[in-house]
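Each reported figure results from applying straightforward, stated rules to the coordinates on display, with no laboratory input. Because the structure is a prediction, the values reported are computed rather than measured. All Cβ positions, glycine included, derive from the backbone under ideal geometry; neighbour counts span all protein chains shown.
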Amino acid sequence: MSNEIKSIHEFDLNIICEYYATVERQGPGSPEITLKALSFIEGLTPESRIVDIGCGTGGQTMTLAKNTSGQITGVDLFPLFIQLFNENAQKNNVHDRVKGVVGSMDNLSFQNEELDLIWAEGSIYNIGFERGINEWRKFLKPGGYIAVSEGTWFTDHRPQEIEDFWMDAYPEIDTIPQKVMQMQKAGYIPVATFILPENCWTDHFFAPQVEAQKNFLKKHAGSKPVEEFIANQRHETVLYNKYKAFYGYVFYIGRKI
Ligand code: SAH
């Protein structure tokens, strides 16, 4: 079985992008958890500059927008996601202060010490946690905050099958103390960390995909790459249910010293 499962890196980006455009979230999370993370951020004002990196179609950004009053810029690599993001901002009537722009997280064009808050839910892995928190730090004002969620091991040891899966998907996955240490070394006070509850995966991430997968297969009937991609997605759900005691997403919140 495991030999038939492809690495996520082998799939066509167009397929991944088209598929994820059909669901509200592109990673595990929930409005409640976005708000919980936001509760640790102090001192935001209507003048605050907030950036949501790897924002996707903006599920979490709209929650941020409704609960803060500053300017928010969403950045994502994929134009389709940014188009949907901006439509979302219109629908939520926050488009006067929430704008999506196409860009890459490894080549951001903000000024040094311009930002009050950097947000990144389930996306920093694209550049790597340690590189991201180090490279983005210069954009924050002193005392500014970073809040990111990241795939994390809960234990020192775990079964081989899940170890192999993550070593292929994202070898930088690590334990909470290691990630907190990286944050401290990068020049942040580790303000808070907490584990995302299971419903961020089950209700908010996997459940909407059940219908989306059926529709996607129907739309691309006969396409082998799409069938393989969906099989891979379903395998990820199976692995989560089997090994959720050993890994999950963790929010890391830091304040720039
Ligand atoms: N924050 C959203 C999306 C998470 S999925 C949510 O939680 O629902 C990861 C996102 O990172 C995707 O939208 C993907 O398009 C984006 N991404 C991948 N590589 C990127 C890069 N180099 N720069 C900016 N965004 C990137």
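With the simple spin-label model, which puts each label point 7 Å out from Cα in the Cβ direction, the E113 to E47 separation comes to 1.5 nm.
Could you line up C17, C55, C200 from fewest to most neighbouring Cβ atoms inside 10 Å? Mind showing how you got there, number by number?
Numbers: C17 15, C55 29, C200 25.
The fewest-first ordering by Cβ neighbours comes to C17, C200, C55.
Sorting S123, S30 from the fewest to the most surrounding beta carbons within 10 angstrom yields S30, S123.
Centre-to-centre, using Cα atoms only, the range 179-214 and the range 1-70 are separated by 10 Å. Rg ratio for the chain: its Cα radius of gyration over 2.2 N^0.38 Å, N being its residue count, equals 0.99. Highest mobility in the GNM of the chain, judged by mean-square fluctuation with C-alpha springs under 10 Å and restricted to A147, A120, A169, is found for A169.
Listed values for the range 189-200 are Karplus-derived 3J(HN,Hα) couplings in whole Hz (6.51 cos²θ - 1.76 cosθ + 1.60, θ = phi - 60°), namely 7, x, 6, 6, 9, 8, 7, 5, x, 4, 5, 5, and x replaces Gly and Pro.
Return K179, K214 ranked ascending by Cβ neighbour count within 10 Å, so the fewest neighbours appear first. Don't skip to the answer; put the middle values down first.
Values: K179 24, K214 11.
Ordered by Cβ neighbours within 10 Å, fewest first: K214, K179.
Over all pairs of different C-alpha atoms in the range 23-127, the reciprocal of the mean inverse distance, the Kirkwood hydrodynamic radius, equals 13.6 Å. Extension gain for the segment T175 to D12, taken as residue separation times 0.36 nm less the Cα-Cα distance, is 55.6 nm to one decimal. The phi torsions of the range 57-71, fed into the Karplus equation with coefficients 6.51, -1.76 and 1.60 and a -60° offset, translate into couplings of 7, x, x, 6, 5, 5, 5, 4, 4, 6, 10, 9, 10, x, 7 Hz, rounded to whole numbers, with Gly and Pro shown as x. Annotation: amide H of V191 within the under-5 Å range of I253, G254, R255, sequence separation 5 or more or interchain, hydrogens built in the peptide plane.
Pairs to check: K66/K256; K66/K242; K66/K185; K6/K185; K99/K256. Give those whose C-alpha atoms are more than 27 Å from each other in this structure. Numbers along the way, then the final one.
On the way: K66/K256 25 Å; K66/K242 36 Å; K66/K185 33 Å; K6/K185 35 Å; K99/K256 25 Å.
Correct reply: K66/K242; K66/K185; K6/K185.
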